[in-house]
Every structure is written in C-alpha cells, then in structure tokens.
Amino acid sequence: ARDSMATVSNITVFSEDFLKQYFGPDWTPSQGALPVYTNYRQLINVNGWCLCVYADGTVGGTKNKQDCHTIMELKSTSVAQLRIKGVFAGIYLCMNSRGKLFAKKDATDRGTLFIESVQEGFSTFLNCRFSRLGYFIGIKKNGSIKSGVMTRKGQNAVCFLPVDVEIRCG
C-alpha cells in the first residue's frame, strides 16, 4: 500500500489511470489539465531522507525521491507559522506532548502548527505547541522519525532542504 503510484521530480506527469485513482473514477481528461502547484515541496534532511506522510497516519523517511508520499504542501497560517500537509495522504503532520510525530485530518489541532526557521540554507520545523520544549521534526540516520524529545536545533536530523515540486497532468 505504500508503493508509489506516481513519480516525483521537478516536474511530474501523472497517468490518466493514476489520476482516476486519486480524484475518483469520474475524473476525465476533458475536465482540463490540473494547475501547477508551486507550494508543494519535498522536505529532505541533511542525511538525504525525505519526509513521508501515509494515509494511515504514519510518518517516516525514505531515500526514494520518486515516492509520491514525499510531496508536502506547506500552508502558512501567520508569519513563520505553517501547517505541513501530506498531499497524497490528505492529512497534516502533528506532534503530541511526548514528541511523537504522526499525521491526522484535523488541521485545527494545535499540534499541527510548526514554526519554520531558516539558517545557512536549511529549514527547521519547531512544533508551536511545544516550542518551549524544543520539539523539532527530525529523521534519524536510519530513516525513522526522531522523537521531538530527542531533537535539538542544529542536529542533522532536523535540518531540511525544502525542494519545490511541480505536479502536472499528462
């Protein structure tokens, strides 16, 4: 179920079959081409792991940059605050009081807000709700999600390069 149904690159072209699976069986090419979304990104950490969000709410890391679960939509809520949505899963990253990172549909949960900070070309994402505790999004060297409790600013696990991704219908 976690296999990619599409490929990701700077410009991605999806098959009609894939688009019908994603948008529903009634979707037809005659409805027109999909727009290009430039606020879609892959978040790749210093160790080369891409952040993934799956429909079952799990979050992980993969080195496969072609995995469609690595496409994130960063939605600004105010200055430097944002929500991170897994595009193909349709759910938001969230962190709980124990620093566990997971995904959920409820975007109004305070655990879904993150503060983006950019230093030396890399972004870090600090959970707003637990900012006083210093809970960052992080991926360990082995690709598993690092507990927010164990993260610190400046660690390779928490430094991400947001790479723009365009999605096009073809």
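Listed here are the residues, each with its yes/no results for (1) among the β-branched types (Val, Ile, Thr); (2) closer than 18 Å to Ile44 by Cα.
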| position | (1), (2) |
| --- | --- |
| Thr62 | yes, yes |
| Asp67 | no, yes |
| Ser78 | no, no |
| Phe88 | no, yes |
| Gly99 | no, no |
| Lys140 | no, yes |
| Ser144 | no, yes |
| Gly148 | no, yes |
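Sort out which residues of segment 44-92 are under 10 Å from Ile139 (Cβ atoms) and part of a strand (DSSP E or B), and write them in order of number. Spell out the reasoning first.
Of all residues in segment 44-92, those under 10 Å from Ile139 (Cβ atoms) come to 44-52, 59-62.
Hits for segment 44-92 are Ile44, Asn45, Cys50, Leu51, Cys52, Val59, Gly60, Gly61, Thr62.
Which residue is surrounded by the most Cβ atoms within 10 Å (Cβ to Cβ), if the candidates are limited to segment 108-124 and must be among the hydrophobic types (A, V, I, L, M, F, W, C) and in contact with a Leu (Cβ under 8 Å, 6 or more places away or on another chain)?
Let us first name the residues in segment 108-124 that are among the hydrophobic types (A, V, I, L, M, F, W, C), namely 113-115, 118, 122.
Next, only the ones that are in contact with a Leu (Cβ under 8 Å, 6 or more places away or on another chain) stay: 113-115, 122.
Numbers: Leu113: 23, Phe114: 28, Ile115: 16, Phe122: 17.
Ranking the candidates gives Phe114 first.
Could you look through segment 101-118, keep only residues that are assigned to a strand (DSSP E or B) and touching a residue at least 24 places away in the same chain (Cβ under 8 Å), and pick out the one that is farthest from the chain's Cα centre (by Cα)? Outline the logic, then answer.
If we filter segment 101-118 for residues that are assigned to a strand (DSSP E or B), which is where we start, we get 101-104, 114-118.
Now drop any that are not touching a residue at least 24 places away in the same chain (Cβ under 8 Å), which leaves 101-104, 114-117.
Working: Leu101: 12, Phe102: 11, Ala103: 10, Lys104: 12, Phe114: 12, Ile115: 14, Glu116: 13, Ser117: 16 Å.
Applying the filter and picking the extreme gives Ser117.
Of the conditions (1) modelled with pLDDT of 95 or more; (2) surrounded by fewer than 16 Cβ atoms within 10 Å (Cβ to Cβ); (3) within 12 Å of the chain's Cα centre (by Cα), Lys75 fails just one. Which one is it?
Only one criterion is unmet by Lys75, namely (1).
Check Val79, Val87, Val59, Val53 and return the single one that is over 24 Å from Gly154 (Cα atoms) and of a type in the set (A, V, I, L, M). Before you say what the answer is, go through the steps one by one.
Numbers: Val79 fails: over 24 Å from Gly154 (Cα atoms); Val59 fails: over 24 Å from Gly154 (Cα atoms); Val53 fails: over 24 Å from Gly154 (Cα atoms).
Within the list Val79, Val87, Val59, Val53, the selection yields Val87.
Please state which of the following conditions Phe130 fails to meet, knowing it meets all the rest: (1) free of Cβ contacts under 8 Å to residues at least 40 places away in the same chain; (2) touching a Cys at 6+ places or on another chain (Cβ under 6 Å); (3) not basic (Lys, Arg).
Just one mismatch for Phe130, condition (2).
Which of the following residues is closer than 21 Å to Lys63 by Cα, touching a His at 6+ places or on another chain (Cβ under 7 Å), among the aliphatic types (A, V, I, L, M) and surrounded by 13 or more Cβ atoms within 10 Å (Cβ to Cβ): Ala157, Ala103, Ala89?
On the way: Ala157 fails: touching a His at 6+ places or on another chain (Cβ under 7 Å); Ala103 fails: touching a His at 6+ places or on another chain (Cβ under 7 Å).
From the options Ala157, Ala103, Ala89, the qualifying one is Ala89.
Against the conditions (1) at pLDDT 90 or above; (2) closer than 16 Å to Gly138 by Cβ, where does Gln119 fall short? Just the number, please.
For Gln119, the exception is condition (1).
Among the residues of segment 64-81, which ones are among the hydroxyl-bearing types (Ser, Thr, Tyr) and within 22 Å of Thr108 (Cα to Cα)?
So the first thing to find is which residues in segment 64-81 are among the hydroxyl-bearing types (Ser, Thr, Tyr), and the list is 70, 76-78.
If the condition is that a residue be among the hydroxyl-bearing types (Ser, Thr, Tyr) and within 22 Å of Thr108 (Cα to Cα), then Ser76, Thr77, Ser78 are the ones that fit.
For segment 129-154, give me each residue that is in a loop (DSSP other than H, G, I, E, B) and crowded, with 20+ Cβ neighbours inside 10 Å. If you could, list the steps in order and put the result at the bottom.
Here is the first cut: in segment 129-154, the residues in a loop (DSSP other than H, G, I, E, B) are 129-130, 134-135, 137-138, 140-144, 146-147, 151-154.
Those that are in a loop (DSSP other than H, G, I, E, B) and crowded, with 20+ Cβ neighbours inside 10 Å: Tyr135, Ile137, Gly138, Lys146, Thr151.
Taking the conditions exactly as written (in a loop (DSSP other than H, G, I, E, B) and in contact (Cβ under 8 Å) with a residue 40 or more places away in the chain), does Arg98 satisfy them or not? Outline the logic, then answer.
On the way: in a loop (DSSP other than H, G, I, E, B): yes; in contact (Cβ under 8 Å) with a residue 40 or more places away in the chain: yes.
So Arg98 fits the description; yes.
Identify all residues within segment 131-157 that are hydrophobic (A, V, I, L, M, F, W, C) and either at pLDDT below 95 or within 17 Å of the chain's Cα centre (by Cα) (or both); write none if there are none.
Pass one, segment 131-157, residues hydrophobic (A, V, I, L, M, F, W, C): 133, 136-137, 139, 145, 149-150, 157.
Answer for segment 131-157, where residues must be hydrophobic (A, V, I, L, M, F, W, C) and either at pLDDT below 95 or within 17 Å of the chain's Cα centre (by Cα) (or both): Phe136, Ile137, Ile139, Ile145, Ala157.
Go through segment 58-72 and count every residue that is more than 21 Å from Asn96 (Cα to Cα) and in contact with a Phe, Trp or Tyr (Cβ under 8 Å, 6 or more places away or on another chain). If you could, list the steps in order and put the result at the bottom.
Narrowing segment 58-72 to residues more than 21 Å from Asn96 (Cα to Cα): 62-71.
If we keep only those that are in contact with a Phe, Trp or Tyr (Cβ under 8 Å, 6 or more places away or on another chain) as well, we get 62-63, 68-69, 71.
Of the residues in segment 58-72, 5 are more than 21 Å from Asn96 (Cα to Cα) and in contact with a Phe, Trp or Tyr (Cβ under 8 Å, 6 or more places away or on another chain).
The values are calculated or read from the model by the stated rules, or taken from the named source; none is laboratory data. Model, not experiment: these values are computed from the prediction. All Cβ positions, glycine included, derive from the backbone under ideal geometry; neighbour counts span all protein chains shown.
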